[in-house]
Amino acid sequence: MEKILVTSALPYANGPLHIGHVAGAYLPADIFVRFQKLLENDVIYICGTDEHGAPISIKAESEGVSPRDVVDKYHQSIKESFRGLEIEFDNFSGTARPEHHKISQSFFLNLLKKGFITKKTTKQWFDQKLGRFLSDRYIEGICPYCGSEGARGDQCDNCGKLIDALKLKNPISKISGDTPIIKETTHWYLDLPKFEKELREWLETKKYWKDNVRNFIFGWLNEGLIDRAITRDIDWGIPVPVENAEGKVLYVWFDAPIGYISSTMEWAKNIGDPDRWKDYWLDKNTKLIHFLGKDNIPFHTIIWPSMLMEQDDPYVLPHDVPANEYLNLEGQKMSTSRNWTVWVNDYLKYFDGELLRYVLAVNAPETKDSDFNWKDFQTRINSELNNILGNLANRTFVFSEKYFSGSIKKPDHLSEISQDNLNKANELVDQIHESYIKYQVRRVVKLIMDIARLGNKYFDETQPWVTIKNDPELAEETLYVCSELLRIISIAFSPIMPRSMKVLRQMMKLPDKLAWKNLGVQMEKISLNNVKPLFRKIEDKEIEEQIRILKQKQIEEEKGVEHKPEIEFDEFLKLELRIVEIVAAEKILKSNKLLKLKIRLNGESRTVVAGIAASYEPKEIIGKKVVMVMNLKPRRVMGVESQAMILAAHN
Ligand SMILES: [Zn+2]
């Protein structure tokens, strides 16, 4: 029996789960784990939410709640999405829990003690408007490597390279929109160059890793490793466990993978065997497999193994890191900031989670980016699941009920064509086994549909609707062989479609408990029970509705640039625009929005009421020079006469 520890990259608890996440890191892992359980291997599947970092504290601030509230809300939401998709973990924890803090700090201290962590004072981007250092992901600019715009301070989504934030060109603060300045701060760094030799030797043994993963890693190694800062200046996270480190926390990328260990510890505790986690993490025979999207490759293949190598306890290193590429939506890159995605909780309001499992398995981005689109979703469900597999089950069972009262016995002898079809199915089963092991889920689905296609072709060729009239035993043989094919599918397909395969088995009164080794054990007789269609068809109008929802989201996103009718130049010339100085500013009592300004233009002074109190404090704008419309008719606002109008724009 093999011992396997499977993890999926921890989903970040600052938003709900979307189908891109599911396709990359969770569904492939869940399928693999279910397959290993079928093989009766000793496997556990560990995950949890990643609950630290600047995005969470900033979201909390903007919503006027605590970071804990944000984390709890999305932890719950993500968990429900997984439940709806039947993605089942042995443990699903969270990194804000005390046990996780403790072990993360001990990882840090161990590396520090052994000289793998150094302390340096460096320069960092600082947002003067907010009075805070900007963590890398709150800086955006032009990638120094590929020149693409919108690269974050930590990584470029376009070329995938990790970036030194200070090298980003034309940086802006993503929070305030200001151009940040560079200021000094002290941080702790993981001395990656010290690990390079050992890492390279270890990675050289991973010839069986997926090509996309190996290419990425060696491209990265060959550029030479550099020190990576593993602490940050924010207030939400795991405190750096040394003296004089107030306001410093561990970088989420340092603590998140340790979450795999703390979640396993929590699992061990929950099953009443607190040391059990060691059986997995501290045993060289454990196959540790990390499922993730391609953006997580460097952290799991370079930084994380380095952290594990130098601990006092002999941690097992990753056995495999089957990273996936990206899933696009309707031909465009998914983007949560542009709301161009399908959120799982939205999806589940309309459709069964298993249908998504099927479509994401068929379209799995295993070797290159793939696409999810609603028309394809409908076609896959209707013409594959329904018309091939659903049809085989339906025609076999309906016919059996009609002519044999739902009771079919195994024939004493099988004709050549029947035996031939069962043999072919068994060959396909061997290929399915191999494909599951190689994480080739797309191929698994194709091979399973091949078994169903085989069954339909055999049903057509043996014509039970003809044989029933003069040779009922021959008709019964057809039904037996088709039921056998369905039984094989009900086991082999169960890692991908657990619920409907359970239904299929219940219709044939087969035991719930599944094992791969039972694939070769034929049924002696079949007595049908509660026969119903396995899947439902998706109507055109349901798909039209989803496409309408997507389009609506895009319209909402673009609302900010709704334009007004054009005007003539002459009309524009009527405006008297002047640069004036603000010499005094105060809040207007009883108003959250209005400031009363005194402005000066040469010798002239005027009073202006401006609706900018939500964005500016009076003291920040005194002395500023701004553009005013000077010839707008005076107007009384809250009892004050406003004698000009300030020009302002969003962002
Ligand atoms: Zn780039």
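At most 10 other C-beta atoms within 10 Å and a DSSP loop state: those are the exposed trypsin sites (Lys or Arg not before Pro) I care about. Give me the longest piece of the chain that has none. Here the longest segment lacking exposed loop sites spans 1-206.
Calculated over the range 53-140, the projected area of the Cα convex hull averaged across directions stands at 9.0 nm². Per residue, the solvent-accessible area of the range 570-646 (1.4 Å probe, heavy atoms of protein chains only, all protein chains present) comes to 68 Å².
In order along the range 511-518, the phi-based Karplus estimate (6.51 cos²θ - 1.76 cosθ + 1.60, θ = phi - 60°) of 3J(HN,Hα) comes to x, 5, 5, 10, 8, 4, 5, 7 Hz; Gly and Pro are listed as x. Every Cα-Cα pair of the range 245-300 was included, and the share exceeding 14 Å stands at 66 percent. Solvent-accessible area assigned to carbon and sulfur over the range 140-245 amounts to 47 percent, based on a 1.4 Å probe. Cα convex hull, the range 570-646: 90 Å³ per residue, rounded to a whole number. Helix-derived [θ] at 222 nm for the chain: sum -39500 (n - 2.57) over DSSP H runs of at least 4, divide by residue count, nearest 500? Calculated mean residue ellipticity at 222 nm is -12000 deg cm²/dmol. Summed over the residues of the range 373-527 and divided among them, the accessible surface reaches 44 Å² per residue at a probe radius of 1.4 Å.
What does the C-alpha gyration tensor say about the overall shape of the range 106-250? Classify as rounded when a/c is under 1.5, otherwise prolate if a/b is larger than b/c, or oblate. Oblate.
Secondary structure note: in the chain, about 70% of the DSSP beta bridges are antiparallel. Each residue was assigned an accessible area with a 1.4 Å probe, and for D420 the value is about 70 Å². Amide H neighbours of L288 under 5 Å, counting only residues 5+ apart in sequence or on other chains, H built in-plane at 1.01 Å? Close amide H contacts, sequence-distant or interchain: L5, H319, D320.
Modelled spin-label separation between E581 and L112, with each label point placed 7 Å from Cα along the Cα-to-Cβ direction: 5.1 nm. The phi torsions of the range 56-64, fed into the Karplus equation with coefficients 6.51, -1.76 and 1.60 and a -60° offset, translate into couplings of 6, 5, 6, 4, 4, 4, 5, 9, x Hz, rounded to whole numbers, with Gly and Pro shown as x. Spacing of the modelled spin labels on E2 and K183, each 7 Å from Cα toward Cβ, amounts to 5.2 nm. Of the residues F92, F107, ranked by 1.4 Å probe accessible area with the largest first, the sequence reads F92, F107.
Counting only alpha carbon atoms, the long axis of helix 472-492 and the longest principal axis of the chain meet at about 30°. For the set L17, L510, L573, the ranking by accessible area, highest first and with no ligand, DNA or RNA atoms included, is L573, L510, L17 under a 1.4 Å probe.
Once the Kirkwood radius over Cα pairs is known for the chain, the Stokes-Einstein relation at 4 °C and 1.567 mPa s delivers a diffusion coefficient of 45 µm²/s. Solvent-accessible area of the range 267-386 (1.4 angstrom probe, protein heavy atoms only): carbon and sulfur portion equals 45 percent.
Taking only the C-alpha atoms of the range 390-433, the Rg (one decimal) and the largest Cα-Cα distance, Dmax (whole number), read 13.2, 36 Å. Ordered by 1.4 Å accessible area with all protein chains kept, Y260, Y616, Y145, Y74 run largest first as Y145, Y616, Y74, Y260.
The values are calculated or read from the model by the stated rules, or taken from the named source; none is laboratory data. None of the values given here were measured: they were computed from a predicted structure. Note: ideal-geometry Cβ built from the backbone for every residue, glycine included; neighbour counts use all protein chains shown. Calculation scope for accessible area: heavy atoms of the full protein, side chains included, ligands and nucleic acids excluded. Shrake-Rupley method; radii C 1.70, N 1.55, O 1.52, S 1.80 Å.
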